[in-house]
1. Give me the pairs: first residue in region 103-130 and at positive phi, second residue modelled with pLDDT under 95 and not in a loop (DSSP other than H, G, I, E, B), beta-carbon distance under 7 Å, and six or more apart or on different chains, which are they?
2. Given the criterion within 29 Å of Trp293 (Cα to Cα), under 18 Å from the mean Cα position of the chain (by Cα) and part of a loop (DSSP other than H, G, I, E, B), identify the matching residue among Asp146, Asp45.
3. Could you give every pair whose Cβ atoms fall below 7 Å, whose first residue belongs to region 139-150 and is more than 17 Å from Val38 (Cα to Cα), and whose second residue is of a type in the set (Val, Ile, Thr) and part of a loop (DSSP other than H, G, I, E, B), counting only separations of at least 6 or pairs across chains?
4. Tell me, yes or no, whether region 95-103 has at least one residue that is part of a helix (DSSP H, G or I) and surrounded by 14 or more Cβ atoms within 10 Å (Cβ to Cβ).
5. Does region 66-73 contain at least one residue that is out of contact with any helix residue (DSSP H, G or I) (no Cβ under 6 Å at 6 or more places or on another chain), within 30 Å of Thr142 (Cα to Cα) and not in a helix (DSSP H, G or I)?
6. Only one of (1) in a loop (DSSP other than H, G, I, E, B); (2) of a type in the set (Phe, Trp, Tyr); (3) surrounded by 18 or more Cβ atoms within 10 Å (Cβ to Cβ) is not met by Trp293, so which one is it?
7. When you go through Ala253, Ala247, Ala217 one by one, which is the residue that is touching a residue at least 24 places away in the same chain (Cβ under 8 Å), within 24 Å of Phe14 (Cα to Cα) and out of contact with any His (no Cβ under 7 Å at 6 or more places or on another chain)?
8. Could you grab the pairs with beta carbons closer than 7 Å, sequence gap of 6+ or different chains, first residue in region 38-60 and at positive phi, second one of a type in the set (Val, Ile, Thr)?
Amino acid sequence: MSHEHIISNAFVLFVAGYETGANIIHFTLLQLANNPAVQRQVQQDVDRIFGGEDPKTWKFNDKINPMAGSTLATAMNETLRLMPPVIEIPKIVSPSEDQTIILKGTRYTIPRNSRVGLVVAGAHRHPDYWPTQPSEISDLPTDLDDWLPGRWTRTTANTPEPMVAGAETDNSDELQGPETSQSLYRPVRGSFIPFSSGARQCLGRRFAQVEILVALAVIFQKYSLENAVDDWADDDEVDRMGYDERALLYAKAIKRSRDTMDRAYNVITLSFHGSTHVPVRLVPRGEERFVSWMD
């Protein structure tokens, strides 16, 4: 490849990952605002891993392993599972030979040159391959539609094997050690494919994962994120409220946020479109009005 080819391909790789990475960070932040207990756990892990160190001094080799085994990673993984930026991945069978697959014990042959779409959103919610229990958020019999980072550390009898982000592929760069993603669970191969899978998976997978983890760590080292409640009460009214009133108010904001996220749809990538948004407040740690005590 010429120098110009290398530069142009590098440009495509960075641009292609910009929107998808930004969307995952966006949705993870909104989910953490809706789940105060998880947000506090994220902050505890950030404090444990980084303390008060200036992000400019963070060293990749020192920090990436503990980050990959922390709530930062389980929050990222659960967003990638529930709201993958690309909900369908196009594939094509080799033009030189048919492809044989075995599904639930039955052998199927896919003709050469066939175009196949991997339905990511469906794979990530398939009850045969993901541990599940009754939802505590809705009346649904399973929690597969719920954002639950604890799923990645959940022990269940029906989990076929441990689940770890990235372990569904044969990657030589998988993080190693007791305080890494190895401490989480491994999805069955093919059931967790936010970056596709195999030899033609996303080349920017590792870069995107590190970028998302670091962005979350930088934010939550000094700040908390709360849903804005300005449409229902101003600051003075909130200050006069007791915990019960605040809890009811914040529950209303959480419901609005979840309803809005349910309306996200795919135009190249999964995101909000038009004027759709969820209002939030970024507040210095110690100045929270809701997420510092709500479960």
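1. Asn113/Ile92
2. Asp146
3. Matching pairs, first to second residue: Thr142/Thr132; Leu144/Thr132.
4. no
5. No, region 66-73 has no match at all.
6. Here Trp293 clears every test but (3).
7. Ala217
8. Going by the 7 Å Cβ cut-off, there are no qualifying pairs.
The values are calculated or read from the model by the stated rules, or taken from the named source; none is laboratory data. Fair warning: this is a prediction, and the values are worked out from it, not measured in the lab. Every residue, glycine as well, gets a Cβ built from its backbone with ideal geometry; the counts of neighbours run over all protein chains shown.
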